[in-house]
Amino acid sequence: MRNKTKLFLGGVLIAVTALALGSLFFNSLPTITSAAEEKQDNSEIVEKCTQMAKRKQEMQDIFENNDYNAWKSLMNEKVKNLRERADKIEQSITEENFAKLVEAHKLMKEGKDEEAKKIFDELGVPSLGFGGRGPKGIQE
């Protein structure tokens with residue numbers, strides 16, 4: 001039983017670490033969005049907020065009802081999702097992709113946003129808005 005617990009906790013730690021590293025990686029990338037994408041992003045934000053509120057209520061109900069099995073099921077589902085995301089991020093960590101990201105970064109600094117966007121689209125990097133970089137892309 002202790003080995004299973006250690007294995008589970010080790011897996012969760014690896015998944016959380018991979019997720020954190022992946023988030024840092026993707027959040028540090030420059031992104032470009034159009035007005036239509038911004039509007040879509042807003043609807044996605046509303047949807048995510050709705051989902052978060054639903055999950056919060058679900059957790060409150062689980063704890064109020066002292067429902068271990070529901071909590072365990074929910075946690076196992078979260079771990080599964082984290083593993084899937086971590087695997088996807090791990091597969092994208094290649095020298096070739098890094099070289100493309102470096103090129104896209106240079107293009108953004110040169111103001112060649114459309115060329116950079118093509119690279120990001122090719123790599124599957126999501127458009128998350130300008131991320132504080134302003135409409136001109138990456139700024140010093």
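Among the residues of segment 43-100, those identified as part of a helix (DSSP H, G or I), acidic (Asp, Glu) and more than 19 Å from residue 15 (Cα to Cα) are 44, 47, 58, 61, 64, 95, 96.
Can you tell me which residues in segment 42-73 are among the aliphatic types (A, V, I, L, M) and touching a helix residue (DSSP H, G or I) at 6+ places or on another chain (Cβ under 7 Å)?
Of segment 42-73, the ones among the aliphatic types (A, V, I, L, M) are 45-46, 52-53, 59, 62, 70.
Within segment 42-73, 62, 70 meet the criteria.
May I ask you to say which residue of 54, 72, 88 is at pLDDT 75 or above and closer than 21 Å to residue 121 by Cβ?
On the way: 54 fails: closer than 21 Å to residue 121 by Cβ; 72 fails: closer than 21 Å to residue 121 by Cβ.
Result of the check over 54, 72, 88: 88.
For segment 64-87, filtering for residues that are more than 19 Å from residue 5 (Cα to Cα), in contact (Cβ under 8 Å) with a residue 24 or more places away in the chain and not aliphatic (A, V, I, L, M) leaves 1. Could you list, in sequence order, all residues of segment 101-118 that are among the hydrophobic types (A, V, I, L, M, F, W, C) and surrounded by 13 or more Cβ atoms within 10 Å (Cβ to Cβ)? Passing the criteria: 101, 104, 107, 108, 116.
Being assigned to a helix (DSSP H, G or I), of a type in the set (A, V, I, L, M), modelled with pLDDT under 85 and exposed (fewer than 11 other Cβ atoms within 10 Å of the Cβ) is a description that applies to residue 24.
The values are calculated or read from the model by the stated rules, or taken from the named source; none is laboratory data. Just so it is clear, the structure is predicted and the values come from calculations on it, not from any experiment. Reconstructed Cβ throughout: ideal geometry from the backbone, glycine too, with neighbour counts over all protein chains shown.
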